[in-house]
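The values are calculated or read from the model by the stated rules, or taken from the named source; none is laboratory data. Just so you know, these numbers come straight off a predicted model, no measurement behind them. Methodologically, a virtual Cβ is constructed for each residue, glycine included, from the backbone with ideal geometry; neighbour enumeration extends over all protein chains shown. Note: areas computed on protein heavy atoms with side chains; ligands, DNA, RNA excluded. Shrake-Rupley method; radii C 1.70, N 1.55, O 1.52, S 1.80 Å.
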Amino acid sequence: MLEKKSIRRKDILVGVGAGVGVGLFVLLAVFLLLRPSPEATPEPGVTATFAVLPTAAQIPEVVVLPSPTPSLEPSPTATPVVAYITYTVKSGDVLSMIAYRFNISLDALMAANNLQSDLIYPDQELLIPLDERALALLTATPTPAPTLSGSQLVHKVQAGDTLGALARKYGVTVAEIQAANNLDSDIIRVGETLIIPQPGQSVTPTTSLTATVTPLAVTATPTPTAAVVLWKPAVVEGYLAGAYPENRVTSRFIIHYAPNTYPAWNIASMEALISQALGHIESRLQITATESFDVYIAGSLFAAPHTARRGYILPAVRQVFLVYDGATTIADQKYLVAYELTQLLAWRILNRLAPPLLREGVATYMGMSLIADSDLMPLTTFCVAYRKAGKLPRLTTDLRFEDPVLDLPNSYAAGCFVQYLLETYGAEKFGLVYAGEDYKNVYGKSLATLERDWLVQLQADKVSLTFAPKTLVAAVEDVAEARAALFADFSGTPAQMAAYKAVEAARLALLRGDFEGVAQHLADFRQALQPVQ
């Protein structure tokens, strides 16, 4: 009993003490809040939470704010937008390249235009949000005064400038500007300073490229007009961890890339694109990829013998290689990803020994169906035009599928045929014929009969063409011829890199049905490869 009473007395004492303490605390808080503020500067540790914010004139000249971990660079979102300008999208533009040119982030550009993806179209108008720094660079006055021994001019890049436009303005070639500034692409930024060599002058790079001649090299005479090699071939074999040291891991695949490259600047977009393509393929073919795979994204063209390709797979070790160097559009890049992933998944899941017709056809169809809402020419339109021109390849012949441009008519014909099989008979039967090439047992018809039925369906589609079919055929042959000439002896010189950009632009114009654009880009291609006089 005594023990119970003593416990209650203690409880009472503690309660009384707590009550008194709370009361004193409340009185002290009221006293501090009601007393007038002192004239003297408060101690550094006191924060005036309830004080009225001072006006600009009342702010002391020196304000010390404790910051244990100061940031060396401001956050990209800390600087407010001070102005907007309008930019009209040109053929070949990529959203990330536009952001780069105007010295703003891709996220800021997408937010300013309420974009949910980086898909853009020619003639589309974009709002460019400019902070103080970007605005200052945009409105800076160009200074084309000679600065290097009177033989070169300095041009400060303005909004809308391109290397091609600058080359025409100053009467030089794109390759000469690239070599003079050690550029490995045609991407330039607003506010950037470029050295413009005079026409006909030998190109001297801005950084030191000294040719060391040893006493034994008696016959080695340095030539001032030697081409500067800008191309760094991307590897598809060997020490891949060294060539692609960075990675981005997801639950279904791992992306490998090199830092300070075009893929590195757009790695989040590439991850989303790969995921989208993977889901599209699984849905259309009714398959599920249970194995993870590796995607190696190169910022430059592949080393020989794969230089002419933008994609390559090693299905046995679940590896996909993609080129993403800013020379193409998002729609074309989506097609490439879906095409190569389809090749990989079909090999591993359906049948690694499938006939080339079905293997190429399903990859082409998967890629084109993924970008059905883009401005690229649909498969059916292409095939109808080729049939009307009398040039549509026959599926029962031995078709070649080696080069994505030289063999474009074969690939598109195969893609159209697989589209017909999938839409007419469904994914389950297609999986069966892919696994065994037994058209008769799966469809009850031979390949020749199925081809005939497909051609009847193609004619029944009544596609309205906005161009002469022979114009498409001629453009395909012209682009294929130019590309074959370029990669016949490709070493990555400035002239060849400029020609590569031009022929890629011609290829994309072809796929859009822009035949005037094809002619213009092929003219740029030939100009880039002309020897310097």
Segment ARG400-VAL154, length gained on full extension (0.36 nm per residue, minus Cα span):
83.6 nm
In Å², and per residue, what accessible area does the stretch 282-338 have when probed at 1.4 Å with the other protein chains present?
34
Neighbour-limited loop hits for trypsin sites (Lys or Arg not before Pro), the stretch 380-424 (at most 16 other Cβ within 10 Å; DSSP other than H, G, I, E, B)
LYS391, ARG394, ARG400
Low-density loop positions, GluC sites (Glu not before Pro), the stretch 258-327 - DSSP coil, at most 15 other Cβ in 10 Å
GLU291
Dipole magnitude (debye, nearest 20) for the stretch 449-533, charges at Cβ of Lys, Arg, Asp, Glu:
100
Expressed per residue, the solvent accessible area of the stretch 385-533 in Å² (1.4 Å probe) is about 48
Describe numerically, in nm with one decimal, the distance between label points set 7 Å from Cα along Cα→Cβ at VAL317 and at GLN457.
3.9
Under unit Cβ charges (Lys, Arg +1; Asp, Glu -1), what dipole magnitude, rounded to 20 debye, does the stretch 319-408 have relative to its Cα centre?
420
For an R0 of 60 angstrom, estimate the FRET efficiency from the Cβ-Cβ distance between LEU127 and LYS445 and round to the nearest 0.05.
0.65
Ignoring ligands, DNA and RNA, please state the percent of accessible area on the stretch 471-533 from carbon and sulfur, probe 1.4 Å.
51
How high is the FRET efficiency between ASP489 and GLU192 when r is their beta carbon distance and R₀ equals 35 Å, given to the nearest 0.05?
0.65
Relative to the compact-globule estimate 2.2 N^0.38 Å (N residues), the Cα gyration radius of the stretch 225-301 stands at a ratio of 1.34
Reachable aspartates and glutamates, given that their alpha-carbon falls under 20 Å from the alpha-carbon of LYS445 and they are not under 8 places away in the same chain
ASP398, GLU423, GLU428, GLU437, ASP453
Summing +1 per Lys or Arg and -1 per Asp or Glu among the other residues with Cβ less than 14 Å from MET366's Cβ gives -1
Once Rh is set to the Kirkwood radius over Cα pairs, what Stokes-Einstein translational diffusion coefficient, in µm²/s, holds for the stretch 378-454 at a temperature of 20 °C and a viscosity of 1.002 mPa s?
163
Estimated dipole of the stretch 412-456 in Debye, rounded to 20 [Cβ of Lys and Arg +1, of Asp and Glu -1, Cα centre]
100
Accessible area of the stretch 280-363 with a 1.4 Å probe: how many percent of it is carbon plus sulfur?
49
Probe radius 1.4 Å, ligands and nucleic acids ignored: give me the carbon and sulfur share of the accessible area of the stretch 383-438 as a rounded percent.
43
Neighbours of VAL463 by Cβ distance under 11 Å: Lys/Arg at +1, Asp/Glu at -1, summed charge +2
Give the residue list of GluC sites (Glu not before Pro) in the stretch 349-429 that are DSSP loop and have at most 12 other beta-carbon atoms within 10 angstrom.
GLU402
